[in-house]
Amino acid sequence: MPFFSNLDIFLFSLIAGLLVYWLIFRKKVEPIPEFKKLDAQTTRETSFIDKMKKTGKNIVVFYGSQTGTAEEFSNRLSKDAHRYGMKGMSADPEEYDMSELSRLPEIENSLAIFCMATYGEGDPTDNSQDFYDWLQEGDADFTGVKYTVFALGNKTYEHYNAMGKYVDKRLAELGAQRIFDLGMGDDDGNLEEDFVSWREQFWPAVCEHFGVEATGEESSIRQYELKVHSDLNMNKIYTGEVGRLKSFENQKPPFDSKNPFLAPVSVNRKLNKAGDRHLMHLELDITGSKIRYESGDHVAVYPINDSVIVSRIGEVLGVDLDTVISLNNLDEESNKKHPFPCPSTYRTALTHYLDITNPPRTNVLYELAQYATEPKEQENMRKMASSSPEGKALYQSWVLDSCRNILAILEDLPSLRPPIDHLCELLPRLQARYYSIASSSKVHPNSIHICAVVVEYETKTGRVNKGVATNWLKSKMPTDNGHKATVPMYIRKSQFRLPFKSTNPVIMVGPGTGIAPFMGFVQERGWLKEQGKEVGETVLYYGCRHKNEDFLYQEELEEFEKTGVLTALNVAFSRDQAEKVYVQHLLKKSKEAVWRLVHTDNAHIYICGDARNMARDVQNAFYEIAEELGGLSRAQAVDYIKKLMTKGRYSQDVWS
Ligand code: NAP
């Protein structure tokens with residue numbers, strides 16, 4: 001009998017073969033040494049419950065954020081948790097499976113905080129839209145879920161903090177337990193102060209609820225660590241891209257907020273004939289981009305900061321701004337690997353990614369205070385970040401009322417010289433700016449028009465502050481040293497739409513740059529007429545300071561009136577006579593016609609421009625017309641206009 005059977009020989013050969021293969025080839029089959037992917041997408045997991053369990057977190061702070069403020073507040077709250085011996089994580093509802101909220105009680109002493117901003121006319125922010133839809137439709141059971149909400153909004157808007165109020169109410173309806181009252185942040189007043197005051201009360205309440213004690217640890221905690229790169233290939237370094245590396249050189253549709261299109265500027269002209277302001281008309285060429293838009297949509301542009309301010313920060317802090325760096329999150333489980341695209345240089349970060357012109361919030365002052373070597377300066381910074389009445393007043397006058405940006409603060413506090421990487425960690429992201437599109441895609445399918453006023457003012461400290469985006473746009477001439485000047489942009493859809501039926505009359509009220517969307521509307525009504533469509537009355541109320549100075553688009557508007565596209569062009573010149581004449585005065589003057597259009601002919605009303613005063617005054621004028629000509633009481637008139645709003649026949653595109 002053979003010592004080895006055929007099967008044994010076969011198995012032996014197989015094992016020996018595998019052993020030789022392993023010895024020779026193991027180097028090749030070994031996984032490539034771990035390379036940290038820059039794109040957060042690759043490491044994303046949608047279960048926040050699993051993540052919380054894995055990382056020992058008990059507090060999750062969700063943010064509905066459009067301009068970054070709610071996200072900032074959310075980060076601050078999640079960092080705060082540490083001071084109270086708890087662990088928090090900030091989370092974007094768009095990135096997680098929100099139906100898991102009902103599982104939160106699986107985690108001991110758990111709490112969900114929501115920082116919810118309201119956008120536009122009571123709308124959710126883009127990143128909280130799905131969560132909002134789900135809350136509305138769903139019938140989840142949140143028994144045992146503990147929560148609190150901080151709302152961010154602006155009182156000058158009709159639907160003040162609608163989102164925060166809704167989430168607060170809806171979670172309770174679904175069985176969750178509110179452990180602290182809804183916080184109301186008003187950006188028309190002092191949003192930062194509202195937040196700080198709410199937070200001061202909120203944490204002691206949380207401690208009491210969970211029976212924990214504050215650790216009293218007030219030290220600042222770094223979230224990112226600095227890595228300086230000395231030998232990185234230049235092709236691997238971000239130079240201002242918002243999303244994908246090299247996306248500005250290698251443009252690929254579809255274009256959106258994470259992948260903006262670099263639109264060449266084809267026209268940039270001054271609109272006003274006189275006066276010391278600069279009102280401008282820009283045209284962005286979108287040929288070949290496959291970008292589509294509708295009249296009433298907004299165009300978002302990513303501006304860059306003034307190079308003078310950027311260089312000056314480098315000088316004051318004595319750093320080489322061209323150092324190539326990464327700021328890497330110390331929490332390896334976080335979805336957010338870097339505070340802005342990295343690797344990058346300090347110069348790129350300060351130019352493209354960080355907000356260096358808005359007055360810094362109190363948490364930035366608090367964290368930076370440790371670097372002020374002069375005791376008085378340090379004390380004042382700490383005071384401004386505290387919730388004491390004296391501290392709040394100092395922050396209000398020294399930072400907000402004086403419009404001090406980070407550079408002004410560094411200049412005026414000579415002992416404050418923080419490491420630049422910590423400063424870059426703390427500053428908020430530079431945000432895209434939105435403009436109401438001033439063209440119709442029916443007439444201009446390949447270009448998007450912008451109408452804007454260049455912002456420039458002197459501050460109490462004698463410095464001249466310049467609006468980031470408008471000054472940058474002003475400098476964007478169609479040919480810039482033989483190169484085409486371009487603007488990174490994308491479209492944001494809006495609800496501000498012409499009536500579905502072209503036969504419906506429209507009443508448009510848009511003083512100043514509020515004329516922008518109506519240029520698109522009027523062009524579109526003209527185009528419809530050219531197509532042989534029946535078009536209802538098209539009435540415009542426009543207002544400016546002086547007829548000979550800032551009557552924007554005068555020639556175009558008068559031409560539209562001549563050809564009958566505009567059936568009535570009413571212009572209020574506010575400063576051409578002793579007493580002010582505003583759009584609402586002209587509305588009242590033609591009240592019979594206005595009431596007939598609204599009440600009998602189903603007109604749609606549109607308001608665009610300043611939210612703080614104009615939109616409110618115009619709304620009051622409509623109340624008065626409804627009272628007077630409809631024979632209604634004030635309450636009935638208010639109800640009448642509010643019903644028009646609900647039906648989508650009274651729309652606003654306003655800013656403050
Ligand atoms: P503007 O030229 O300053 O004003 C247009 C016309 O509206 C002027 O005749 C002005 O009159 C008049 N007006 C002032 N108060 C009014 C009121 N309560 N009701 C009706 N009309 C009124 O307009 P603008 O430069 O386009 O700016 C309009 C507002 O929007 C400003 O407050 C501006 O700061 C703001 N804005 C904000 C943004 C943004 O994105 N946040 C962008 C652009 C403009 P008088 O000046 O003679 O009183």
Report task. Starting from residues that are more than 12 Å from the ligand (Cβ to nearest atom) and among the basic types (Lys, Arg), keep the ones in the range 264-280 and report whichever is most open to solvent (accessible area, probe 1.4 Å). Result -> Lys273
Report task. Report the residue count in the range 393-404 for those that are touching a residue at least 24 places away in the same chain (Cβ under 8 Å) and surrounded by fewer than 20 Cβ atoms within 10 Å (Cβ to Cβ). Result -> 5
Report task. Could you run through the range 502-552 and say how many residues are more than 18 Å from Ser441 (Cα to Cα) and within 16 Å of the ligand (Cβ to nearest atom)? Result -> 21
Query raised in the report: Can you name the residue in the range 439-488 that is within 16 Å of the ligand (Cβ to nearest atom) and of a type in the set (Ser, Thr, Tyr) and, of all such residues, is most open to solvent (accessible area, probe 1.4 Å)?
Result: Tyr457
Query raised in the report: Would you pick out the residues in the range 93-120 that are assigned to a loop (DSSP other than H, G, I, E, B) and crowded, with 18+ Cβ neighbours inside 10 Å?
Result: Tyr96, Ser110, Thr118, Gly120
Report summary line: For Arg596, the lone unmet condition from (1) open to solvent by 70 Å² or more (accessible area, probe 1.4 Å); (2) closer than 30 Å to Gly153 by Cβ is (2)
Requested in this report: State whether one or more residues within the range 490-512 are modelled with pLDDT of 95 or more, within 23 Å of Ala300 (Cβ to Cβ), of a type in the set (S, T, N, Q) and under 26 Å from the mean Cα position of the chain (by Cα).
Outcome: no
Report task. Answer with yes or no whether Ile625 is in a strand (DSSP E or B) and either more than 13 Å from the ligand (Cβ to nearest atom) or within 16 Å of Leu587 (Cα to Cα) (or both). Result -> no
Report task. Select, from His585, His599, the only residue that is over 33 Å from the mean Cα position of the chain (by Cα) and more than 16 Å from the ligand (Cβ to nearest atom). Result -> His599
Query raised in the report: Are any residues in the range 405-438 open to solvent by 30 Å² or more (accessible area, probe 1.4 Å) and more than 16 Å from the ligand (Cβ to nearest atom), and if so, which ones?
Result: Glu411, Asp412, Pro414, Arg417, Pro419, Pro428, Arg429
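This table checks each residue for (1) in a strand (DSSP E or B); (2) more than 24 Å from the chain's Cα centre (by Cα).
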residue: Gln251; (1), (2): no, no
residue: Glu283; (1), (2): yes, no
residue: Tyr293; (1), (2): no, no
residue: Ile304; (1), (2): no, no
residue: Ser311; (1), (2): no, yes
residue: Leu321; (1), (2): no, yes
residue: Ser334; (1), (2): no, no
residue: His338; (1), (2): no, no
residue: Ala349; (1), (2): no, no
Requested in this report: Answer yes or no: is there a residue in the range 110-122 that is touching a residue at least 60 places away in the same chain (Cβ under 8 Å) and closer than 17 Å to Gln66 by Cα.
Outcome: yes
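The values are calculated or read from the model by the stated rules, or taken from the named source; none is laboratory data. Please read these numbers as outputs of a predicted model, since none were measured by experiment. No Cβ is skipped: glycine too gets one built from the backbone with ideal geometry, and neighbour counts run over all protein chains shown. For accessibility, only protein heavy atoms count, side chains too; no ligands or nucleic acids. Shrake-Rupley method; radii C 1.70, N 1.55, O 1.52, S 1.80 Å.
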